[in-house]
Amino acid sequence: MLVLRSNRDAADIATAMFDHGIDPLDRLEQASRALNDLEKRFVDTPTALTHSGALQSDDGAALLTGLTDIVGSVRGAIGSLPDGDLTHQLDTLLYSINRLRTADGDVTHRFVKRELADIVRDVEGAINVIRRDLIAMRDLSLRERQAIDRAVLAGGASGLVIGLLLLAYLSRSISRPIRNAASALRMVGGGAMAGKGALPGDMMVDLEAAIRFVETVIENKDRSSRLQKNSSAAHLLATVERQQKRLRVALDALRKPLCLVDDKGRLTDANQEFLRLFPGLRAGTAVASWSEHPGLAAALLAGTEDEVLELEDGSSCRIRCHSNPIDNGIIAVFDELAGEESAQRELERLTLQDSLTGLPNRDAFYNALQKALHTGADPISVFVIDVVAFKNINTTLGLIAGDDLLRQVGERLRTLAGPDSITARLAGDEFGLILPGAGEAMGPERFGRGIVQDFARRPIAVAGRPLTIRLAVGVVPDIAPGGGMDARTVMRDCEIALETAKKRSTDPFCVYAPEIQKEHQRRQDMERDLREALTRSEFELHFQPFVDSKRRRVSGFEALVRWNSPTRGRVSPGVFIPIMEETGLIVSLGQFVLRDACRQAARWPEGLSLSINLSPRQFDSGNIVADVRDILAETKLDPKRLQLEVTESLFLSDADKVLDILNALRRMGITISMDDFGTGYSSLGYLSRFPFDKIKIDQSFVRDLTRRENMAIVRAVLGLGASMKLSVIAEGVETVEQMRVLESEGCEEMQGYLFSPPRPASDLAKILVEVREGFQDGRFGPSTPLDAPSAALRA
Ligand code: C2E
Ligand code: CA
Ligand code: CA
């Protein structure tokens with residue numbers, strides 16, 4: 001019976017048909033052998049006959065058993081033969097045998113002889129018919145196999161094979177669920193296929209197509225059995241061809257994408273639905289070359305049994321591969337995800353994808369890393385990449401340009417990393433990269449430096465202009481999977497390497513090593529100590545005077561914080577302030593400085609100003625305007641006596657917000673001073689855009705005024721101050737010579753070791769006296785009469 005029970009049956013259909021012929025042939029040959037025995041007995045040994053010609057009783061019994069055996073064999077042959085001329089013929093034969101068998105005692109020798117000869121002839125005839133058909137079927141089988149081989153060699157597909165395979169596969173695995181679905185549909189739709197509103201339209205179309213398909217399959221099966229009944233090989237071939245065409249039509253009508261891939265990884269055939277889903281794919285092409293469908297290629301090559309596949313358009317479907325024994329390849333069937341599952345996938349996709357760049361996000365990266373570390377085969381290197389001064393770009397060019405830049409950076413990183421790697425956007429301007437096969441020609445160090453160089457050499461066009469992007473890269477190289485490293489540790493080490501890289505302004509690249517971890521540990525220890533220092537009040541304010549050289553007196557003091565650590569001794573603010581800025585601890589410290597300095601300054605003589613340094617972080621978090629207002633009210637310090645020093649780095653953050661804050665502070669009567677002027681860039685731009693009252697010339701220019709460019713800068717700043725009606729102060733004045741030059745250039749306010757280093761609050765009265773005396777006794781140059789009496793500190 002030609003029912004396709006499995007793929008194997010289908011694949012060997014021709015052989016199976018051959019086998020179907022073998023059984024009746026065997027049985028008839030058995031019958032033929034029994035007949036020969038009988039013939040020997042009754043035809044070749046006449047002595048066994050009575051003289052009247054009637055059979056002797058032994059002979060009669062032998063004939064009866066012999067014929068009974070033959071009847072059994074012929075019946076068996078008929079049973080295993082399909083209905084047809086031959087079975088009819090054998091039926092007649094059976095009738096003759098039975099007639100002979102049931103003949104009464106008067107059966108004569110001659111009668112038996114004649115009847116046996118007839119029977120032998122008929123059996124032999126039947127055997128010949130079967131033999132002939134078998135040979136025809138074997139030839140057909142060979143032809144088919146050759147056709148398959150040719151098709152496989154040519155990389156194309158044999159429609160016949162596909163038809164049979166799919167018939168087998170589909171009739172087995174699809175027809176039942178579809179039949180069920182169809183009957184459910186019929187019930188819902190009140191027996192009519194077009195039960196409008198009963199099911200969503202798409203589903204209706206699918207079901208209709210499916211039912212049509214199943215009907216075709218069933219019809220083909222019927223045809224197969226009919227085909228078997230007609231044992232003519234030519235007819236068989238024609239039928240198979242027709243069946244193949246029908247299958248092609250049926251497959252294309254099926255709303256389920258299907259494809260076949262051979263053992264060499266080539267697409268041998270696909271239905272129209274598949275080609276609609278993956279346009280541009282052609283039969284005969286290597287799956288591995290489908291760079292535009294990497295997920296599909298991977299699933300097909302892996303022969304995945306059941307997996308959800310992310311499509312390029314963001315949707316997903318289920319792919320199931322079934323083995324295809326014909327060429328050791330696979331048949332892949334694609335299913336739409338059911339509504340709920342699809343929504344779930346979409347949700348997962350959204351939560352694992354960065355919406356800006358379309359790259360995997362931090363969670364997805366973390367998962368991929370975890371997987372690579374636990375189940376991966378190859379060592380990997382993990383990179384964390386930061387766009388240097390991205391904030392600056394974002395502020396200068398705007399958010400849209402910033403977004404565009406991030407997209408382009410992500411895309412370029414992905415291209416540079418290649419298809420075997422994973423590129424993700426971890427946060428803001430931070431990207432992550434998992435590179436397999438570490439330690440090869442393209443080692444992690446070379447690759448890391450390579451990407452830094454690539455970005456340095458090839459500018460990115462943003463908002464219509466080329467921008468050279470600097471990257472900082474931290475890498476944890478050559479991690480062997482299963483070596484006990486977990487994703488959390490790797491990510492932490494990467495961040496440590498990146499932090500170190502960011503500090504190396506000329507070569508912002510760092511490979512993680514244990515020493516780096518030690519340095520990091522030192523910083524962490526200090527951070528911990530600083531936190532404790534805040535709660536234990538280990539900070540103290542020192543004050544350094546501003547000197548009005550024209551009036552020869554102290555005009556005010558800058559508050560400079562000191563840390564008296566019980567374990568570390570006195571730590572320089574140059575060391576701990578950057579750490580506090582990084583960690584945000586500066587916000588609490590800043591509040592302490594503000595409150596304590598204002599509280600002290602409120603007790604100073606009138607006319608002495610207080611200058612306080614503000615960190616950009618204080619503008620980001622908390623409400624600096626409210627804090628200042630509250631502290632001024634609380635300490636009763638006149639806002640006109642307060643100066644706040646800010647640096648240019650402040651403008652790297654949200655410029656509009658900074659502008660609002662500075663304006664609000666100024667409205668309160670506070671003086672805004674730009675510290676370290678000239679050390680950043682585009683200072684002039686900031687000066688004109690933001691409301692400053694004062695500029696502080698950085699000590700680096702004051703230090704060497706014999707250098708012409710420093711002198712030029714000092715002159716320019718003083719000129720600028722005059723034209724913009726801003727006061728100017730020079731810091732870092734250490735010598736009388738420097739003071740003289742500054743004075744001659746028109747700088748009236750100065751600060752520096754020449755007058756006094758920062759000193760504790762208890763020394764302030766002394767400083768006032770020392771500075772007055774310094775002017776009087778000519779220590780700051782030749783003594784000149786005072787314009788105004790120096791202010792005295794009321795103790
Ligand atoms: P800065 O605001 O530029 O402060 C001036 C620094 O120059 C002070 O260092 C001061 O001692 C030093 N200095 C003053 N005159 C001279 C001189 O004639 N020659 C030389 N070579 N140096 C001189 P200090 O006190 O170590 O402070 C370092 C930095 O720490 C400050 O630079 C400031 O940026 C930061 N800082 C200090 N206190 C605070 C604070 O309360 N808040 C914030 N946000 N930052 C602070
Ligand atoms: Ca300062
Ligand atoms: Ca300064």
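Values in this text are rule-based calculations from the coordinates and carry no lab data. Keep in mind that what you see is a predicted model, and the values were worked out from it rather than measured. As a convention, Cβ positions derive from the backbone with ideal geometry for all residues, glycine included, and neighbour counts pool all protein chains shown.
List of remarks:
- When the P(r) is computed for the stretch 254-344, the part past 18 Å accounts for 38% of the Cα-Cα pairs.
- Whole-Hz ³J(HN,Hα) from phi, Karplus 6.51 cos²θ - 1.76 cosθ + 1.60, for the stretch 397-414, glycine and proline x: 9, x, 5, 5, 5, x, 4, 4, 4, 4, 4, 5, 4, x, 5, 5, 4, 4
- Unit Cα scatterers, Debye sum, the stretch 530-794: log10 I(q)/I(0) for q = 0.07, 0.11, 0.16 Å⁻¹: -0.24, -0.61, -1.34
- Qualifying chymotrypsin sites (Phe, Trp or Tyr not before Pro) for the stretch 658-743 [loop in DSSP, other Cβ within 10 Å: at most 11]: Y681
- For the stretch 681-766, the list of trypsin sites (Lys or Arg not before Pro) that fall in a loop by DSSP and count at most 16 other C-beta atoms within 10 angstrom reads R707, K725.
- Remark on E538: its backbone amide H falls under 5 Å from none of the residues 5 or more positions apart or on other chains, H modelled at 1.01 Å from N.
- For the listed peptides 460-466, 268-274, a ranking on the average number of other beta carbons within 10 Å per residue, highest first, reads 268-274, 460-466.
- Debye-formula intensities of the stretch 352-512, expressed as log10 I(q)/I(0) at q = 0.09, 0.20 Å⁻¹, are -0.27, -1.31 (one equal scatterer per alpha-carbon, no solvent).
- Restricting the stretch 407-513 to trypsin sites (Lys or Arg not before Pro) in coil, as DSSP defines it, with at most 13 other Cβ within 10 Å: R504
- Among T706, T500, sorting on how many other beta-carbon atoms sit within 10 Å of each Cβ, with the fewest leading, yields T706, T500.
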